[in-house]
1. Go through region 22-39 and count every residue that is on the phi < 0 side of the Ramachandran plot and more than 15 Å from the ligand (Cβ to nearest atom).
2. Every residue in region 112-136 that is within 11 Å of ALA53 (Cα to Cα), part of a loop (DSSP other than H, G, I, E, B) and of a type in the set (Asp, Glu), please.
3. Does ARG13 fit the bill of being surrounded by fewer than 17 Cβ atoms within 10 Å (Cβ to Cβ) and under 23 Å from SER114 (Cβ atoms)?
4. If you take the residues in region 40-98 that are hydroxyl-bearing (Ser, Thr, Tyr) and under 15 Å from VAL3 (Cβ atoms), which one is farthest from the ligand (Cβ to nearest atom)?
5. Only one residue in VAL60, VAL71, VAL43, VAL92 is farther than 15 Å from VAL111 by Cα and not charged (D, E, K, R). Which one?
6. Give region 115-136 a look and list any residue that's more than 16 Å from the ligand (Cβ to nearest atom), surrounded by fewer than 13 Cβ atoms within 10 Å (Cβ to Cβ) and touching a residue at least 40 places away in the same chain (Cβ under 8 Å), or say none.
7. Condition (residue is loosely packed, with under 14 Cβ neighbours inside 10 Å, of a type in the set (A, V, I, L, M, F, W, C) and in contact with a Cys (Cβ under 8 Å, 6 or more places away or on another chain)) applied to region 34-53: is it met by at least one residue?
8. What number of residues within region 87-106 satisfy the criterion of being of a type outside the set (Phe, Trp, Tyr) and either under 13 Å from the mean Cα position of the chain (by Cα) or assigned to a helix (DSSP H, G or I) (or both)?
Amino acid sequence: MSVALARIIELPRLEDERGALSLIEAEAHVPFEIRRLYWLYGVPASASRGAHAHRELEQVVIALAGGLSIVLDDGSARRTFELSRPDRGLYVPPRLWRELYAFLPGTVCLVAASEVYREADYIRDYAAFTREVTAA
Ligand code: TYD
């Protein structure tokens, strides 16, 4: 999978004097059926997360509060994204290595995923990842 297929998705933002509301609705805003939500919080500025690829799972990552950086790697090219808006999601297709880092204090990062948690879908070793993607 090429990093070129990763993209920022603009989510609706409904705003008035009472504040703002954003949403993800089935079949409208993300290119897969959402089967799991999880969220990261309390991440120290010095920590990085991810450091794996998924064989099949797709996901959208949203900084609901704060901000973070994400680097995506397809084995030959890399792209870095900065997320800091609750009305923007990063679509991450399968078969990309990802690392999430530079979490600002108070960051809450929501991930909407196409699959339930299944360890067999993970590639957690970078050398194994490059072997799998170059063999495909
Ligand atoms: P890990 O994959 O290390 O998180 P990250 O990708 O953010 O670096 O997951 C941390 C722990 O949580 C690990 O023991 C696996 C477990 N986990 C679940 O049980 N279910 C889930 O949906 C997720 C995302 C992780």
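Read the figures in this text as sums done on the coordinates, not as results from a lab. Just so it is clear, the structure is predicted and the values come from calculations on it, not from any experiment. Heads up, the Cβs are rebuilt from the backbone with ideal geometry, glycines too, and the neighbour counts pull from every protein chain shown.
1. Narrowing region 22-39 to residues on the phi < 0 side of the Ramachandran plot: 22-26, 28-39.
The next check asks that each one be more than 15 Å from the ligand (Cβ to nearest atom); those that pass are 22-26, 28-33.
Number of matching residues: 11.
2. Scanning region 112-136 gives a single hit, ASP125.
3. Numbers: surrounded by fewer than 17 Cβ atoms within 10 Å (Cβ to Cβ): yes; under 23 Å from SER114 (Cβ atoms): no.
So ARG13 fails the test.
4. If we filter region 40-98 for residues that are hydroxyl-bearing (Ser, Thr, Tyr), which is where we start, we get 41, 46, 48, 69, 76, 80, 84, 91.
Right, trim to under 15 Å from VAL3 (Cβ atoms) and you get 69, 76, 80, 91.
Values: SER69: 14, SER76: 23, THR80: 17, TYR91: 17 Å.
Among those residues, the one meeting the criterion is SER76.
5. On the way: VAL60 fails: farther than 15 Å from VAL111 by Cα; VAL43 fails: farther than 15 Å from VAL111 by Cα; VAL92 fails: farther than 15 Å from VAL111 by Cα.
Unique residue meeting the criteria: VAL71.
6. Those that are more than 16 Å from the ligand (Cβ to nearest atom), surrounded by fewer than 13 Cβ atoms within 10 Å (Cβ to Cβ) and touching a residue at least 40 places away in the same chain (Cβ under 8 Å): THR134, ALA136.
7. Within region 34-53, one or more residues are loosely packed, with under 14 Cβ neighbours inside 10 Å, of a type in the set (A, V, I, L, M, F, W, C) and in contact with a Cys (Cβ under 8 Å, 6 or more places away or on another chain).
8. Here is the first cut: in region 87-106, the residues of a type outside the set (Phe, Trp, Tyr) are 87-90, 92-96, 98-100, 102, 104-106.
With either under 13 Å from the mean Cα position of the chain (by Cα) or assigned to a helix (DSSP H, G or I) (or both) added as a condition, the list becomes 88-90, 92-96, 98-100.
Qualifying residue count for the region: 11.
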